[in-house]
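One structure is given below, encoded as structure tokens.
A short reminder: the numbers here are calculations on the coordinates, not readings from a lab. Nothing here was measured: the structure is a model prediction, and the numbers come from that model. In this analysis, Cβ positions are derived from the backbone assuming ideal geometry, glycine residues included, and neighbour counts consider all displayed protein chains.
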Amino acid sequence: MKHLSLKQAIAATFFSVTLLLPAFGHAAETELKTDVVVVGGGAAGLSAAVSAAQHGAKVILLEKESTLGGAARYAEGLFAVETDELRKKASPLTKDYAFKQAMEFNHWEADAALVRTVIDESPKTIAWLDTLGLSFNPTSISPDEPPTWHLVQDYKGIHHGAALIACLKDHADELGVKIMLSTPALDLIQNNGKIEGVHAKDKDGNTYAIYGKAVILGSGGFPASREMIAKYTRFDPSRVFATAPFHKNGDGINMAITAGAETDGHMGLMMHPGAVGKGVMPLASLFSMSWQPILWVNKYGDRFADEGKAYDFALAGNAIYGQRDSIAWAIWDETVQKYEIETGIDNGVGVLVPIGTKLTSLPAEEAKAIAKGSDVYFEADTVAELAKKIGADPAKLEATIASYNQIQAKGHDDAFAKDVRYAVPVKNGKLHALRLVPMYFTSIGGVKVDTNFRALSGKDQVIPSLYIAGSDLGGNFGDTYTLWTSGYAFGLAATSGRITGAEAAEYVKTAK
Ligand SMILES: Cc1cc2nc3c(=O)[nH]c(=O)nc-3n(C[C@H](O)[C@H](O)[C@H](O)COP(=O)(O)OP(=O)(O)OC[C@H]3O[C@@H](n4cnc5c(N)ncnc54)[C@H](O)[C@@H]3O)c2cc1C
């Protein structure tokens, strides 16, 4: 970096700053110095910043958006086992068992030492967050999964993930972390293979060279980058829909790659079923129908799955994605409609739309969708008419529904062994069809690291002073997100943030 230099004093106690005057009309670049630079103000970045500051480091945290929190604002629970909270519930779950389950699910494609670290460290993360003033209620994300999902309890009247962010922000402020909003990191400052900080630019066009002895990248993965989805995952970006992409374009991962880091071979998406289109609002009643274990057919009118997999959203998303053109339809009749309205849903959309929620606004939303000429929600009086509307072969759909309607009477689903409780016949009154699409909560996989979350080069060499946290991390998954360890992504963010913060703070004490 070549600068025209003109030193200016800077007010902040911790930070020394050099303001570089414009040269030939270029914008000024401000130079800041600190111990640890954190990129990203979500669960991973804020955990890292607080942890580093608790270990005595001066910290500057950069956040691209005008508010902190990233996807973590919408998350609900963190994975952990052997916590005090679980012990109080007499949970028999152990770290060993969770580790074995996670690795089996991942076909041992994940980095075993890293997964072991994340699982072993998980109770310490919950205990650490407890000391910061948060509390947790571990629960099961679905009837198929164990209660590893530690739901964040309210903090100052704020719920779930947003509560965690608010609490960490309070501590960051108290500890003197300098938070720069609307100031994305652009690239790493490198010197002879060493990472010495980042360049950044704020919303007014002011540029910064922020020097630190360690950099922690926690930019939340690549859910908004269609290019990276196409390049690194098995998914066609034109057929998948992001739940909350914000502007997370893989900045951290790409910066690490530029510094010589390698990515792991298992980058993918945390899939879930969903519905997108005219008349469908996220988390409203019609959307919630996309998570129910009711009849699903593909574009041909064939069943293709045990719809009970709705309880394991990642697997359900995979199944829908795998259909021709990734097209599927949820189909129900008036009996199911009445059940969802009067008894309430069998499968929650997380805890934002909990199990048992009565979808009282379903008829109004349906009417609105029809009035808007929705192409993702249809109603019909006969199967043939519905088939025509959804573009399926009428004879095929008739046969599929006739066969499905036999399941409960027979006591068995010969096709996909679905739990017969959920195979409610589709035969009463008006028929409804909602188009299902494969959606994803976030990207999974990223930069290869060691068990201290230090970035590794293609030769498995540690890249000095570069740490990775949260969704920028590789090595934790196989091809699919693991629901058995429910809350793993959010837990991973907090655990890797806590550890990288501490590690980076210790590193800067000895770094030359
Ligand atoms: C609706 C929803 C619900 C979810 N529920 C759960 C759950 O219950 N349990 C679970 O395990 N997971 C859940 N997840 C996933 C979970 O939110 C993420 O795994 C977690 O937030 C990852 O933390 P992170 O810090 O890596 O990323 P984020 O929390 O997304 O934070 C990354 C931050 O980096 C910022 N950033 C990006 N680029 C730059 C840059 N160049 N410079 C500076 N800042 C940058 C972003 O703006 C963002 O604020 C959910 C996700 C969604 C969308």
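Taking a ≥ b ≥ c as the square roots of the Cα gyration tensor eigenvalues, with a/c under 1.5 meaning rounded and otherwise prolate when a/b beats b/c, else oblate, which class fits segment 99-178? Because a/c hits 1.5 or more and a/b fails to exceed b/c, segment 99-178 counts as oblate. Convex hull volume of the Cα atoms of segment 340-422, normalised per residue: 141 Å³.
Here the sum of -39500 (n - 2.57) over DSSP H runs of 4 or more residues, divided by the residues of the chain, equals -9000 deg cm²/dmol at 222 nm, to the nearest 500. Cβ-to-Cβ counts within 10 Å put Glu63, Glu29 in ascending order as Glu29, Glu63, the fewest first. In this structure, Lys156 and Lys509 have a Cβ-Cβ separation that, at R0 = 35 Å, corresponds to a calculated FRET efficiency of about 0.55. Take each peptide in 411-419, 206-214, count the other Cβ atoms within 10 Å of every residue, and average; sorted highest first, the result is 206-214, 411-419. Computed about its Cα centre, the charge dipole of segment 270-440 is approximately 240 debye, with only Lys, Arg, Asp and Glu carrying charge at their Cβ. Once you order the gyration tensor axes a ≥ b ≥ c over the Cα atoms, which shape class does segment 220-345 get: rounded for a/c under 1.5, otherwise prolate or oblate by comparing a/b with b/c? Judged from the Cα gyration tensor, segment 220-345 comes out prolate (a/c at least 1.5, a/b above b/c).
Using only Cα atoms, tell me the angle between helix 160-174 and the longest principal axis of the chain; keep it within 0 to 90° and round to the nearest 10. Once rounded, the angle reads 10 degrees. Note on the chain: with charges restricted to the Cβ of Lys and Arg (+1) and Asp and Glu (-1), its dipole about the Cα centre is near 880 debye. Ordering of 260-270, 435-445, 139-149 by packing is 435-445, 260-270, 139-149, highest average first (other Cβ atoms within 10 Å, averaged per residue). Counting only alpha carbon atoms, the long axis of helix 95-105 and the longest principal axis of the chain meet at about 60°. Estimated translational diffusion coefficient (Stokes-Einstein, Kirkwood radius over Cα pairs, 4 °C, 1.567 mPa s) of the chain: 54 µm² per second.
With a bin width of 10 angstrom, please list the P(r) values of segment 270-440 as percents of all Cα-Cα pairs, from the 0 bin to the one holding the largest distance. Result, from short to long distances: 11, 43, 40, 6, 0 percent.
Rounded to the nearest 0.05, what FRET efficiency do Ala384 and Lys358 give with R0 = 25 Å and r taken as the Cβ-Cβ distance? Could you check?
Details: r = 32 Å, r/R0 = 1.27.
Once the sixth-power term is evaluated, E becomes 0.20.
Against the empirical 2.2 N^0.38 Å (N residues), segment 180-238 has a Cα radius of gyration ratio of 1.41. All C-alpha to C-alpha distances of segment 400-512, sorted into 5 Å bins beginning at zero, yield P(r) values of 2, 9, 14, 12, 11, 8, 8, 7, 7, 6, 6, 5, 3, 1, 1, 0 percent in whole numbers.
Which of the residue pairs Lys124/Lys248; Lys169/Lys448; Lys95/Lys178 have a Cα-Cα distance greater than 32 Å in the structure shown? Can you show the working numbers first?
Working: Lys124/Lys248 28 Å; Lys169/Lys448 28 Å; Lys95/Lys178 36 Å.
Flagged as over cut-off: Lys95/Lys178.
Rounding to the nearest 10 and keeping the result within 0 to 90°, find how far the Cα-based axis of helix 112-131 lies from the longest principal axis of the chain. Tilt of helix 112-131: around 80 degrees. Within the shell defined by Cβ-Cβ distances under 13 Å, the residues around Thr67 carry a net charge of +2, with Lys and Arg each +1 and Asp and Glu each -1. The gain in end-to-end length when the Ala415 to Asn137 segment is fully stretched comes to 96.3 nm, 0.36 nm per residue minus the alpha carbon separation. Rounded to whole numbers, the Karplus 3J(HN,Hα) couplings from phi for segment 385-396 are 5, 5, 4, 4, 5, 9, x, 9, 6, x, 5, 5 Hz, using 6.51 cos²θ - 1.76 cosθ + 1.60 with θ = phi - 60°, and x at Gly and Pro.
Partner aspartates and glutamates whose Cα lies under 16 Å from the Cα of Lys430, excluding those fewer than 8 positions away in the same chain, are identified as Asp333, Glu334, Glu340, Glu365, Glu366, Glu379, Asp381, Glu385, Glu398.
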